[in-house]
Amino acid sequence: MRLKLTDKDALVIVDVQKDFCPGGALPVPDGDAVVQPLNTYIELFVRAGLPVFATRDWHPENHVSFKKNGGMWPVHCLQNSKGAEFHDELSLPPDAFIINKGDRPELEAYSGFQGTLLDSLLRERGVRRIFVGGLATDYCVKHTVLGGLNLGYQVFLLLDAVRAVNVKPDDGRRAVELMLRTGAVCVDREDVNV
Ligand code: VGL
Ligand code: ZN
């Protein structure tokens, strides 16, 4: 597939944070493998003058998703902690939009659209198509993609720049199938041109 970027496009990078990478509190297997491909996408979007958004999981200590609070995950991505930082090698441009999510104690927020300004910021800029990659395929990437489709965006899933948690072995594959069935389109770096 050949895709030319237009002024209605934006890059949305999901949760490429230390806690989701090997060595972190909730490591996604091979999670840091998304960094180099995402840097290539960032370069393409910056060169085309297009906006880059980066979501980050941003939990308070009493967040509902933690095991100790009744959820299913170890403590991760605590606000202002080392683990909540973006991966050191992710080369976000200085004017990237940072979107915090999951910052309310009582609400799980896998989608970057949930309880955030992401939709209004995209809309203000006339964005109609979003290109989504990051972590993890079967949680926050999936919900962000489905959220975007539901809001009427055309959504491209950056297949070479996502990795899955795979709590069950097939979760990543099934998440991709669900996203495609719902209307997302898979692309790789070679597909995208300025
Ligand atoms: C995520 C589990 C818990 C994600 C966030 O970013 O995919 N997964 N919190
Ligand atoms: Zn989380």
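From the list Asp95, Asp119, Asp171, Asp138, exactly one residue is within 16 Å of ligand 2 (Cβ to nearest atom) and surrounded by fewer than 19 Cβ atoms within 10 Å (Cβ to Cβ). Which is it? Steps first, answer last, please.
Numbers: Asp95 fails: within 16 Å of ligand 2 (Cβ to nearest atom); Asp119 fails: within 16 Å of ligand 2 (Cβ to nearest atom); Asp138 fails: surrounded by fewer than 19 Cβ atoms within 10 Å (Cβ to Cβ).
Result of the check over Asp95, Asp119, Asp171, Asp138: Asp171.
Here is a yes/no grid of residues against (1) polar (S, T, N, Q); (2) open to solvent by less than 10 Å² (accessible area, probe 1.4 Å):
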site: Glu108; (1), (2): no, no
site: Gly134; (1), (2): no, yes
site: Thr144; (1), (2): yes, yes
site: Leu157; (1), (2): no, yes
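What tally of residues in the range 127-154 results from selecting those that are within 16 Å of ligand 1 (Cβ to nearest atom) and in a helix (DSSP H, G or I)? Give the derivation first.
Filtering the range 127-154 for residues within 16 Å of ligand 1 (Cβ to nearest atom) gives 132-148.
Going one step further and asking which of them are in a helix (DSSP H, G or I), we end up with 137-148.
Going through the range 127-154 one residue at a time, the tally reaches 12.
Can you tell me which of Gly126, Gly148 is more than 20 Å from Gly49 (Cβ to Cβ), small (Gly, Ala, Ser) and either at pLDDT 95 or above or out of contact with any helix residue (DSSP H, G or I) (no Cβ under 9 Å at 6 or more places or on another chain) (or both)? Write out each step before concluding.
Working: Gly126 fails: more than 20 Å from Gly49 (Cβ to Cβ).
Answer to the selection: Gly148.
For the range 36-46, indicate whether the set of residues that are within 16 Å of ligand 1 (Cβ to nearest atom) and either buried (at least 23 other Cβ atoms within 10 Å of the Cβ) or farther than 17 Å from Glu89 by Cβ (or both) is non-empty. Talk me through it step by step, then tell me what you get.
Keep residues of the range 36-46 that are within 16 Å of ligand 1 (Cβ to nearest atom), which gives 38.
Those still in the list that are either buried (at least 23 other Cβ atoms within 10 Å of the Cβ) or farther than 17 Å from Glu89 by Cβ (or both) too: 38.
Checked against the condition, which is being within 16 Å of ligand 1 (Cβ to nearest atom) and either buried (at least 23 other Cβ atoms within 10 Å of the Cβ) or farther than 17 Å from Glu89 by Cβ (or both), the range 36-46 yields at least one hit.
Tell me whether the range 176-193 contains one or more residues that are within 16 Å of ligand 2 (Cβ to nearest atom), open to solvent by less than 70 Å² (accessible area, probe 1.4 Å) and not β-branched (Val, Ile, Thr).
Filtering the range 176-193 down to residues within 16 Å of ligand 2 (Cβ to nearest atom) leaves none.
No: the range 176-193 contains no residue that is within 16 Å of ligand 2 (Cβ to nearest atom), open to solvent by less than 70 Å² (accessible area, probe 1.4 Å) and not β-branched (Val, Ile, Thr).
Pull out all pairs, ordered by first then second residue, where Cβ-Cβ is under 8 Å, the residues are six or more apart or on different chains, the first lies in the range 48-76 and is farther than 16 Å from Tyr139 by Cα and open to solvent by 20 Å² or more (accessible area, probe 1.4 Å), and the second is within 9 Å of ligand 1 (Cβ to nearest atom) and hydrophobic (A, V, I, L, M, F, W, C).
Pairs that qualify, where the first residue is farther than 16 Å from Tyr139 by Cα and open to solvent by 20 Å² or more (accessible area, probe 1.4 Å) and the partner is within 9 Å of ligand 1 (Cβ to nearest atom) and hydrophobic (A, V, I, L, M, F, W, C), are Lys67/Trp73.
Taking only the range 1-16 into account, find how many residues are touching a strand residue (DSSP E or B) at 6+ places or on another chain (Cβ under 6 Å) and open to solvent by less than 70 Å² (accessible area, probe 1.4 Å).
Initially, the range 1-16 is screened for residues touching a strand residue (DSSP E or B) at 6+ places or on another chain (Cβ under 6 Å), giving 3-4, 8-16.
If we keep only those that are open to solvent by less than 70 Å² (accessible area, probe 1.4 Å) as well, we get 3, 9-16.
Number of matching residues: 9.
Among the numbered criteria (1) assigned to a loop (DSSP other than H, G, I, E, B); (2) among the β-branched types (Val, Ile, Thr); (3) within 19 Å of Gln36 (Cα to Cα), which single criterion is violated by Val162?
(1)
The values are calculated or read from the model by the stated rules, or taken from the named source; none is laboratory data. Values in this document were obtained by computation on a predicted structure and should not be read as measured data. When we count neighbours, we look across all protein chains shown, and the Cβ atoms used for this are built from the backbone with ideal geometry, even at glycine. Calculation scope for accessible area: heavy atoms of the full protein, side chains included, ligands and nucleic acids excluded. Shrake-Rupley method; radii C 1.70, N 1.55, O 1.52, S 1.80 Å.
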